[in-house]
1. Quick one: which residue in 93, 15 is surrounded by fewer than 17 Cβ atoms within 10 Å (Cβ to Cβ), at pLDDT below 90, among the aliphatic types (A, V, I, L, M) and under 16 Å from the mean Cα position of the chain (by Cα)?
2. Return the only residue of 75, 69, 56 being among the β-branched types (Val, Ile, Thr) and in a loop (DSSP other than H, G, I, E, B).
3. Can you go through 57, 35, 82, 73 and tell me which one is surrounded by 16 or more Cβ atoms within 10 Å (Cβ to Cβ), among the charged types (D, E, K, R) and either in contact with a Phe, Trp or Tyr (Cβ under 7 Å, 6 or more places away or on another chain) or farther than 19 Å from residue 2 by Cβ (or both)?
Amino acid sequence: MDWYQGGSPWHQNHLVGNRSNGVWAIDVVQSGRYRFELRWFPRESPRAIGAIGATVRVGSISATQTMSVEDSRAVIELDLVRGEFDMSTDFQLPAMDDDTRSWGAYYVYVDYLGQSR
């Protein structure tokens, strides 16, 4: 599904040099632990993101992963309860970059891991 708030990277040309962010409406159908794989490019094109960190937020729950600028993905796990939520993501730029904005993952792959620990 596309972002319903924020930017709109609807065209593949938006993957090159365009940094925007948005919000997804999601439905968590089963409480438990979920793995989020955040990418700027799809799995078929494992290019470096250039970020030093990534965050995923589902409702009021969030977690952050430290990254290397060479990484093509960030993997974050969250314990979620059943319900409808907004989900957003952020990639953080290195401090030396003149552009201080963060931007969202254009591709997010989600797997249910089972009941929370």
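The values are calculated or read from the model by the stated rules, or taken from the named source; none is laboratory data. Everything quoted here is computed from the prediction, not taken from an experiment. Counting neighbours? That spans all protein chains shown, and the Cβs are built from the backbone with ideal geometry, glycine included.
1. Values: 93 fails: surrounded by fewer than 17 Cβ atoms within 10 Å (Cβ to Cβ).
Only one candidate qualifies: 15.
2. Values: 75 fails: in a loop (DSSP other than H, G, I, E, B); 56 fails: in a loop (DSSP other than H, G, I, E, B).
None of the others qualify; the one that does is 69.
3. On the way: 57 fails: either in contact with a Phe, Trp or Tyr (Cβ under 7 Å, 6 or more places away or on another chain) or farther than 19 Å from residue 2 by Cβ (or both); 35 fails: surrounded by 16 or more Cβ atoms within 10 Å (Cβ to Cβ); 82 fails: surrounded by 16 or more Cβ atoms within 10 Å (Cβ to Cβ).
Residue meeting the stated conditions: 73.
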